[in-house]
Structures are given as structure tokens and as C-alpha cells.
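To start, the structure itself, in C-alpha cells.
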Amino acid sequence: MRYKNLLLVVLAVIFCLAMAASSPAQEKSLAATPPMGWNSWNHFAEKVDARTIREQADAMVASGMKDAGYVYINIDDTWEDKRDAQGNIQPNEKFRDIKALADYVHGKGLKLGIYSSPGPKTCAGFEGSLGHEEQDAQSYANWGIDYLKYDWCQSNRSVEDMKAAYTKMRDALKKTGRPIVFSLCQYGLGNVWEWGASVGGNLWRTTGDIEDNYESMAKIGFGQSGHEKYAGPGHWNDPDMLEVGNGGMNEDEYRTHFSLWCLLAAPLMAGNDLSKMTPYTQDMLTNREVLAVDQDALGKQGYPVVQEGPFEVWMKPMADGSTVVGLFNRSKEADKMTVNFSHIGVTGEAAIRDLWLKKDLGRFREKYNAYVPGHGVVLVRIKAN
């Protein structure tokens, strides 16, 4: 009996060591590239319900977005009801059975995300997770949730309060044993990019809410310069969800929006009605060559190499040794722009491919010129010999 007990102890120690050894790899593999999916808030806001979620999941598959790499269908605020007598959070009449909804989404080969707040109330005034972190995390795991957007929704609290609140939910999620992507949403307060990974964030908002207009998008997107050293596999800067297809910008402006987010290695959460996309929107969101910029295994966030008046040239190093360059014209009129190879570390001759046109442009030496539409972009991959 003594030897049997000793054997059990040895096996338990081996199991614990194995779990400890595998944990970092598991954490790194979660959001190894920027998460791609859809979120309900930008288009549906408080009107979201279970039927909408099913329709968006159907459309994600039918449109080719799933095949292009989009996987998360995320419910934002307003799904929550009160808690039961034991303190367990309940979905309201718009959702009722989130486990059944998760099963439906999983049956499509997709994953389901949900929303909460570390405060007593969410931003829309629904039930938050304060004091119920472990209960809520376990409810999410029981339902089959794969992604949590955790929205600060509070004022007059310190950065240390934020760190403690996010750490508490990180630990609660980890305790469930279910892999759940952890999205910190607190609008860049306290320079979250400097500490977001340390409290378990797989991504963290760096800005206030985006609006569906060029001015808002450009201010947020071009304002990401300087954050690049904090991004990488498993932990990403998040300049907010996509507005592509919601109607507030023209085609060139949406192409700028999408190109910039991909250069930034940003999470790509579509925010439009996937069931009513124009061919242009669908083609943009599923352009494999542009998506490959965002999803590149090297995990580097792009940054500007030229900022002269309304003209900006951004670059992103890629795993295959090439460089993706975006020539952005922030003026309202079309103009000629140039990328000098010396600015991006390329010497000699290089092959250039236009990623939106999906066309090889030929070989160039020292520089490349292009006419860029007003509020538009030319996105190219440059590969030296």
C-alpha cells in the first residue's frame, strides 16, 4: 500500500509538471495571430438578439469570410439579465439559451464571444461582473464561450484598480480550464499597451470608440505609431472594431481603413451586417493577400517611415523577408507618392506586387511611385533579391 501511495504521489507530481510546462505554450497559442471575427455593436448596438447572432454566423460562412479566416461571432453589451438566487448571471429575453446559441455557432465551425464589465454595471447599464468574476467565468465556460470582451465602464478609478480587476478575471478564466480569448476594453487609459499582457490580455483597446467616418478612423489608425513594440503573438494592440460596410465612408476610405488595420496587425472584428454586404465590401473583407498582412506569423506591427504633410508611408516586416508598404494620401485630392527603398531597408532591385489589384507590377530599383486617390491607399508587397 505504501508503494502504491508513493506511485500516486509521483504520478501527481509528473502531471503537475506537465501541466506547468504546457501552460505557456497554450497561452501563446491563444491569439497567436490577431483575432478575426465579427462584433455586434457597431451595426446592431442594443438591437442585437439570438436570431441576429445566428444570421451573422450563417452569413460569415456563406460569404466566404470563414474560409478567409474569420472565426469569432461576438455578442456585445445588452444580453444580460439579473442574477439568480445563487448569483449566477442570466441572459435576458433576447437570448435566453446561450448554450444552445454557442452550440449553433460551433456547429458552423465558428466560435462565440461575449461581453461584460469589471464594474457593477456595463456601459449600457446592464449587470456587470464585479464580485462575481469566478461565477461569470464558469458560466461562460459552461455555455461554450470562446472570447470575452471586458469593458471598463467606470470612472474615478486608478490604473492599479484596472490592473487588479483585469488580473482577477484573467485568473477566473484560467481556472475554468477553457481557452477564452481575453479582450481588455478600457480605451487606452493608463498606457494599457505597457501592461496589458502582464494582466492576461490577448488584446487591449488603445483608443476611444471608432465612428464610421474618415476623420475618426484616420485619427485612431494613424495615431497608433509608437505602440508597435508592445504587439506580438498572443498580445495585440486593438484600435477598435472595423466600420467597413456600414456606409459612412466611401470605397477609398474603407480601403484605407482596412489596409491600415492590417498593417497594424490589429484584431479584425467586422462591424457591419454580414447578411447584407455589397460585393465590394465582401471582396474587401475577404481579400486573402491583404489579410495575410494582418495574419503574418512574424507578428510585427507596422509603423510609419515617412510623414510629410498629408502623405504617410507605412511599412510592416513580413516573415518571408518581404516588406509590405502602404502609401496613404490623407488629402482629398489624388496625388503622386513615392516610397524610397532606403527608407524601408531595401537595397538594389526589388519585385513589387499590388495587394488590392492582386497584380505583379514588375521590378524596380531604388524607389516606387504611384498615384494615390484622395483619402486612399496603395498597398504593395516589396521583396528584394
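The values are calculated or read from the model by the stated rules, or taken from the named source; none is laboratory data. Remember, predicted model here, so these are calculated numbers, not experimental data. Glycine also receives a Cβ, built like all others from the backbone with ideal geometry; neighbour counts cover every protein chain displayed.
A few notes on this one:
- Test: residue in the range 42-61 that is in a loop (DSSP other than H, G, I, E, B), over 30 Å from A319 (Cβ atoms), at pLDDT 95 or above and not β-branched (V, I, T): yes
- Within the range 79-96, residues that are assigned by TED's automatic domain parsing to the domain that holds I145 sit with their Cβ atoms under 9 Å from residues that are exposed (fewer than 13 other Cβ atoms within 10 Å of the Cβ) and assigned to a strand (DSSP E or B), at 6+ positions apart or across chains, in these pairs: I89/K82; Q90/K82; N92/K82.
Rundown of residues vs (1) closer than 25 Å to K276 by Cα; (2) surrounded by fewer than 14 Cβ atoms within 10 Å (Cβ to Cβ), yes/no style:
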site	(1), (2)
N42	yes, no
K82	no, yes
I89	no, no
N92	no, no
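- Residues located in the range 217-227, provided they are in a helix (DSSP H, G or I) and surrounded by 18 or more Cβ atoms within 10 Å (Cβ to Cβ): M217, A218, I220, G221, F222
- On inspection, L268 qualifies as within 21 Å of V325 (Cα to Cα) and of a type outside the set (D, E).
- Residues in the range 338-385 that are under 28 Å from the mean Cα position of the chain (by Cα), under 13 Å from V324 (Cα atoms) and exposed (fewer than 15 other Cβ atoms within 10 Å of the Cβ): 0 in all.
- Within the range 173-186, residues that are under 13 Å from G113 (Cβ atoms) have Cβ atoms under 7 Å from residues that are in a loop (DSSP other than H, G, I, E, B) and among the polar types (S, T, N, Q) in these pairs: V181/N202; F182/N202; S183/N202, counting only partners at least 6 apart in sequence or on another chain.
- Criterion: among the polar types (S, T, N, Q), within 24 Å of A45 (Cβ to Cβ) and at pLDDT 95 or above - qualifying residue of N237, N246: N246
- Residue count, the range 205-216 (criterion: crowded, with 18+ Cβ neighbours inside 10 Å and either more than 16 Å from N39 (Cβ to Cβ) or at pLDDT below 95 (or both)): 3
- A residue that is in a loop (DSSP other than H, G, I, E, B) and under 26 Å from T33 (Cα atoms) occurs somewhere in the range 358-367.
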